[in-house]
Amino acid sequence: MSRLPAPSPPPASWRRGAALGVPGLILLGAVLSVLSAAFSADTFHDCNYFGPSLRMHISGWAGLCAGLCAPMLYAVLHRGALRRGWAPAPSRASGPALVLLVLGVLPLLFEAFVVWTLYAPDPAGGHDCSGLAYALGGRGPHPAG
């Protein structure tokens, strides 16, 4: 009866991809989504609503794509390691990458929310800068006297 050889540990390039690539994509997606929210001042100019800017769209969608690529990268690395006969489970890179991947669901939900807000209707209801903006700014709609 022949014995199967014990699976060898994955090489350093695989460990770097799992240890740095998966958390890096999760972090990149979160940063890009926060950056898209930071561009929210682009929507109003001179009391006119122009909608989300192009850089809000680019950073929002890029953040969502990066967040979705993290589980795909982990799956590709894991399946590739199993196909080559490596044992990815006991490696020090696979465990933290899997934990961060599970924790990365929260940033992924935030990234999906950011993309949803890009297509949400005008929060001001189409009335531009009318209402309390004038009263709180110390200017009335009509000059006194």
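Kindly indicate which of G21, G17, G29 is closer than 15 Å to A112 by Cβ and part of a helix (DSSP H, G or I). Explain how you work it out, then say what you get.
On the way: G21 fails: closer than 15 Å to A112 by Cβ; G17 fails: closer than 15 Å to A112 by Cβ.
So the residue among G21, G17, G29 that is closer than 15 Å to A112 by Cβ and part of a helix (DSSP H, G or I) is G29.
When region 98-114 is examined, which residues are found to be surrounded by 20 or more Cβ atoms within 10 Å (Cβ to Cβ) and over 12 Å from L27 (Cα atoms)?
V114 - this is the single residue of region 98-114 that is surrounded by 20 or more Cβ atoms within 10 Å (Cβ to Cβ) and over 12 Å from L27 (Cα atoms).
Pull up region 92-129, narrow it to residues that are part of a loop (DSSP other than H, G, I, E, B) and not small (G, A, S), then point me to the one that is modelled with the lowest pLDDT.
From region 92-129, those part of a loop (DSSP other than H, G, I, E, B) are 92-93, 104, 119-129; that's our starting set.
Going one step further and asking which of them are not small (G, A, S), we end up with 92, 119, 121-123, 127-129.
Details: R92: 69, Y119: 87, P121: 73, D122: 65, P123: 62, H127: 53, D128: 57, C129: 59.
Per the criteria, the residue is H127.
Which count do you get for residues in region 48-97 that are surrounded by 17 or more Cβ atoms within 10 Å (Cβ to Cβ) and of a type in the set (F, W, Y)?
3
The values are calculated or read from the model by the stated rules, or taken from the named source; none is laboratory data. A quick note: this is a predicted structure, and the numbers were derived from the prediction, not measured. A quick note on method: Cβ atoms are made from the backbone with ideal geometry, for glycine too, and the neighbour counts reach across all protein chains shown.
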